[in-house]
1. With r defined as the distance between the Cβ atoms of Asn332 and Lys156 and R0 fixed at 30 Å, what FRET efficiency is calculated, to the nearest 0.05?
2. With Cβ to Cβ distances under 12 Å as the rule, what net charge do the other residues near Gln66 carry (K, R +1; D, E -1)?
3. Can you find, among Ser268, Leu308, Phe333, the residue farthest towards the positive end of the dipole of the range 222-340? Put +1 on the C-beta of Lys and Arg, -1 on that of Asp and Glu.
4. If each residue of separation counts as 0.36 nm, what is the full-extension length gain between Lys532 and Ile373 once their alpha-carbon separation is subtracted?
5. Ranked by Cβ crowding within 10 angstrom, fewest neighbours first, how are His282, His137, His196 ordered?
6. May I ask you to list the residues of the range 263-303 whose amide nitrogen lies under 18 Å from a point 7 Å from Cα along the Cα→beta-carbon direction of Glu315?
7. Take each of the peptides 418-431, 338-351, average the number of other beta-carbon atoms within 10 Å over its residues, and list them starting from the highest.
8. At 0.36 nm per residue, minus the direct Cα-Cα distance, what do Thr548 and Lys5 gain on full extension? Give it in nm, one decimal, please.
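Values in this text are rule-based calculations from the coordinates and carry no lab data. Predicted model only: the values in this text are computed from it and were never measured. So basically every Cβ, Gly included, is an ideal-geometry build from the backbone, and we count neighbours across all protein chains shown.
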Amino acid sequence: MEIKKIIIVGSKVQSWICAYILKTQLPFLDIQIIDQSIEEDNEINVGTFALTEKLLEFIDIKDFFQETKGTINVGKRYNNWNKEKKVFTSNNSFNSLRIDEIQWPQKHETDNDENQLDPEKEILLFNDAFKRAYLNHLYNDTSIGFCDLTSLFNEKLPDLPLEKIIELFDVPSRSIGISYKSTLLLAYIKNLATKHEVTLINDFFVGVEQAEDETIISVIGQKEKYPCDFVFDCTGEFRDVMSNFSNYNFWLNPAIEADCAIQFEVDSSNAKIWKDLYVMRHGYLIEIHLQDKTYYTYIFNQTYASDLEIISETENFLNLSKIPKFSIINLNFGCIDKAIIKNCFALGNTAGTVDPIFIDPIDLLLKELDAFITMIIDNDDDSDPDAINIPDETFMLKTLEFNETFNNFFKEISDLTILYTWTNLEDAGSYWNACKSKYDSSATEITSGIEETMSFKINYWRYFHLYYNTENTSFKFLNEYDFFVPLYGNRIYNIADRKKSIQNNDILDFCTNENYYFVNNAFQQFKENLMKNGLSVIEYQKKYELTT
């Protein structure tokens, strides 16, 4: 496999982000973009993606915010998802306990001679036991809300440069979020990519020319053919390139009840740091803030309500006399079973459409792209400084691994969707009853040897103490915090049974009440000091020159 020239099919924001990052990391490659033939816009036009330290390497932070009207977002706020209709929040990443797969202490076998125990291993074992015990105390403490305790933020941001705030987050791929509008982001990133010599082909995509083994030889435009070594499919749900392969298969996500969205905007200068979510009669409403507007997306299923019913309910809920203009977007949640086939790579919502509660298509694209670039660089034989050369057998094996990893990711998202969209609101409506039914069947779906699956963990965590295994393939992209929040916020777990399971457990009793409250107080003091001079998101972005 030799790669010198990559053609990206599709010219929307995901395509240009992909092209720009490819060109900055692999400047010797020829990166070209050709527009897809289908012009229909069937994508949600706003979203929030993580502003990670790695992403800061590619953009000037002030220019980015000023040009795109980007607005800082720290996580999700669930406003009425439980019987008490109490708000609970979920940070973009877990800040206080550091239990993701990177920071969580690894288990180590002790030496045969305990007297010769390696001091470093001893510290790891100590931390391992203490954090497991501390987390159980925290999770079972009814005197304070789990989500309130573990959140660094309320309504304000600390008076620190953005780079310093990003350092507070634990998971490298998940951090402070930026709410964006696609059209503004597209103009900004297209300008950057063009300056880095990404070429836009003056033609429209028609199809691909393939060899007998279905490897793509060239991209066919309306005017001519364009030879290439690799094709990136960024055509969204149309999947104009991937659908040409005989082993292409799309997996419809059975966990997601929704199939449609209505989106509109209203003028607003009251930006918030949260992405707000509201349980509605026929689905849920997402509220995203930009600097001068608020965007609403109502996710629902057309089986349970018509467009007019959705509009009427939303107008009443938001006290709007009339929604001036809205777009209706058909959604097809699911993923393809192979992100890479031969020399074609599906990215972002071409690879799959994920419930917008969890991950934005741009976040997905960045995860995929980072993994792909790492894979080809690590396996390049360095025989040609102007190309990537990977032995065919090696590339085939690495492709299999890559596809398996992303299939696992989509399965986790599917299971988490069931968990988050379960609500114990009384008489919530047909949509929510259908979601609850899926949760109930998932929670009891336990078969031998699948301890890594969310179904197993849902059932286990409802009643028992903290269970984790750092060798599991689960949570490669997410972390345990994503799992705690809905169990706590939706009042799913049985706290009485869980407390019983902790009794007489040496590991879990390792953290005494005394040191539990000491650690809690230390974290709360840290949070209090951090937020002493907190700023609203508008105040913060003005002070640090992040507004237009």
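1. Numbers: r = 39 Å, r/R0 = 1.29.
So, using R0 = 30 Å, E works out to roughly 0.20.
2. Here the charged neighbours net out to -1.
3. Selected residue: Ser268.
4. Net length gain for the segment: 53.1 nm.
5. Numbers: His282 22, His137 19, His196 15.
Listing His282, His137, His196 from fewest to most nearby Cβ atoms yields His196, His137, His282.
6. 263-267, 281-282, 296-298
7. Details: 418-431: 18.4, 338-351: 24.9.
Top of the packing list down: 338-351, 418-431.
8. Details: separation 543, 0.36 × 543 = 195.48 nm, distance 3.72 nm.
Residue separation times 0.36 nm, minus the Cα-Cα distance, leaves 191.8 nm.
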